[in-house]
Amino acid sequence: MLAALSLLYAAQGIPFGFASDYLIVTLRHAGLSRTALAAFGFLQLPWQLKALWASVADHPRVRPRARAALLALQLTLAAVMASYAFVHGPPTLAPWCALTAVAAFVAATQDVFVDAFAVRTLTAHERGWGNSAQVAGYRVGMLLGGGGMLTLAGWLGVRAMLLACGALIALAALGAFALRDDEPAPDAAPSHVAPRTSARAHFAELGAVLRHVAHPATRTVALVAVTYKLGIHAAAGLIKPMLVDAGWTNTHIGGLAVSLGAACAIAGSLAGAALHRWLGERRALVTGAVLHALAVLPLVAASTLGCPRALTTAAIGAEHFASGAGTTVLFAALMTATQRERAALHYTVLTSFNALAIGLGGLLGAALGDRLGVTAAYLFAAAACIAPLPLLGRWAEHAAHSARAEYAR
């Protein structure tokens, strides 16, 4: 089950790594500002909007065919990724923008189906490691699509690398057939949610979940989802433009920043799973937030000193490690707060808030970097990392309310 999840999440990570690493570095070389690069991230808007169609995966006619749907989505994503090999980038950005938006839509939809499987089948004791598989798989995909492209494209050619990435996504489709049967988890609470079939009922269901999320007894869960990684995302969005400005080559960025960073993020995701298992959810969340803030501080030193290679590489590794740990802990906690029978829609709404934080954090960090300088932006990011701490005092109570259905009726 964990291997299957890793394969499927890795497939999502390849196009995201290409867009957030390779394209960002290339566009910075082309002269785009930090704010413009952050705006390029809005092509990932389907990750924020996927709640609009997420309940499709909960539909009683779709759930028995979920594996076939995953296979179709995987093959579509593979075709889109391979299509990058036949279009041109700067100075004509339109083809890149179109393919990036389509890839984000397909990957976000695939994510809805995979998350629904995970929420319904992972037990409470498995969630930490299950989300570690999610984060690790996604980071491996990002490494292939981002660091792999930056490091190897100069040797093997951009077109060959893009076609190879498409082939890997198609191969990862095998993970769909190794998933556990989509049955309620042993610790799932009974649900009183009736299946709905019409398009009108779909939006009524979405409205019910949004009212549930906004209820005073449950809204803290949404606030945590939005704010928990806002600061670390603000810091992460500044790193690659900073390296380009400091004169790092694509090979150095791909090898030392992206590839090593991805390895540290995978190690961090394993640490996050262990924290979730050993400390319990609330203390793991607190620990993760503190790690986020501490991990940004070395980036302040690196930017102040002009990005010396050893210090900057260590700082990037620390940021990625903390981010990987925090993502695992956060997503495991959001699974605990998810209603099982609305798993696709409810969990998608909650994780969409985190996706929103990626865009907002990146835009805030970039705007501050352009106006006040990179060091000031990193200091803002460090302060933002500890902002969620006051929300975590009664996490177990809020998560328990969120996992029940009565507030959605």
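The values are calculated or read from the model by the stated rules, or taken from the named source; none is laboratory data. These numbers were taken from a predicted model, which means no experiment stands behind them. Methodologically, a virtual Cβ is constructed for each residue, glycine included, from the backbone with ideal geometry; neighbour enumeration extends over all protein chains shown.
Residues of region 288-301 that are without any contact (Cβ under 8 Å) to a residue 60 or more places away in the chain and surrounded by 18 or more Cβ atoms within 10 Å (Cβ to Cβ): LEU291, PRO298.
Looking across region 323-340, the residues that are of a type outside the set (Val, Ile, Thr) and within 14 Å of GLN134 (Cβ to Cβ) come down to SER323, GLY324, ALA325, GLY326, LEU330, PHE331, ALA332, ALA333, LEU334, MET335. Candidates THR220, THR251: the one that is of a type in the set (Ser, Thr, Tyr) and closer than 27 Å to ALA333 by Cα is THR220.
Comparison of GLY326, GLY359 shows that the only residue that is outside any loop (DSSP other than H, G, I, E, B) and crowded, with 22+ Cβ neighbours inside 10 Å is GLY326. Is region 15-38 home to any residue that is under 16 Å from LEU171 (Cβ atoms), in contact with a helix residue (DSSP H, G or I) (Cβ under 6 Å, 6 or more places away or on another chain) and among the aliphatic types (A, V, I, L, M)? Within region 15-38 (the criterion being under 16 Å from LEU171 (Cβ atoms), in contact with a helix residue (DSSP H, G or I) (Cβ under 6 Å, 6 or more places away or on another chain) and among the aliphatic types (A, V, I, L, M)), the answer is no, since none of the residues qualifies. Considering the conditions (1) surrounded by fewer than 19 Cβ atoms within 10 Å (Cβ to Cβ); (2) hydrophobic (A, V, I, L, M, F, W, C); (3) closer than 27 Å to PHE42 by Cβ, ALA396 is excluded by exactly one of them, (3). Of the residues making up region 305-315, none is in contact with an Asp or Glu (Cβ under 9 Å, 6 or more places away or on another chain), touching a residue at least 60 places away in the same chain (Cβ under 8 Å) and surrounded by 24 or more Cβ atoms within 10 Å (Cβ to Cβ). Might you let me know whether region 229-249 holds any residue that is surrounded by fewer than 24 Cβ atoms within 10 Å (Cβ to Cβ), part of a helix (DSSP H, G or I) and of a type in the set (Ser, Thr, Tyr)? No: region 229-249 contains no residue that is surrounded by fewer than 24 Cβ atoms within 10 Å (Cβ to Cβ), part of a helix (DSSP H, G or I) and of a type in the set (Ser, Thr, Tyr).
For region 12-56, a residue qualifies if it is within 14 Å of VAL258 (Cβ to Cβ) and either polar (S, T, N, Q) or under 18 Å from the mean Cα position of the chain (by Cα) (or both), and the qualifying residues are GLY13, ILE14, PHE16, GLY17, PHE18, ALA19, SER20, ASP21, TYR22, LEU23, ILE24, THR26. Looking at GLY369, is it more than 21 Å from ALA274 (Cα to Cα), in a helix (DSSP H, G or I) and over 20 Å from the mean Cα position of the chain (by Cα)? In short, yes. On inspection, LEU5 fails the criterion of being at pLDDT 85 or above, within 28 Å of ALA263 (Cβ to Cβ) and buried (at least 23 other Cβ atoms within 10 Å of the Cβ). Restricting attention to region 383-394, the residues that are farther than 28 Å from LEU299 by Cβ and modelled with pLDDT of 95 or more add up to 0.
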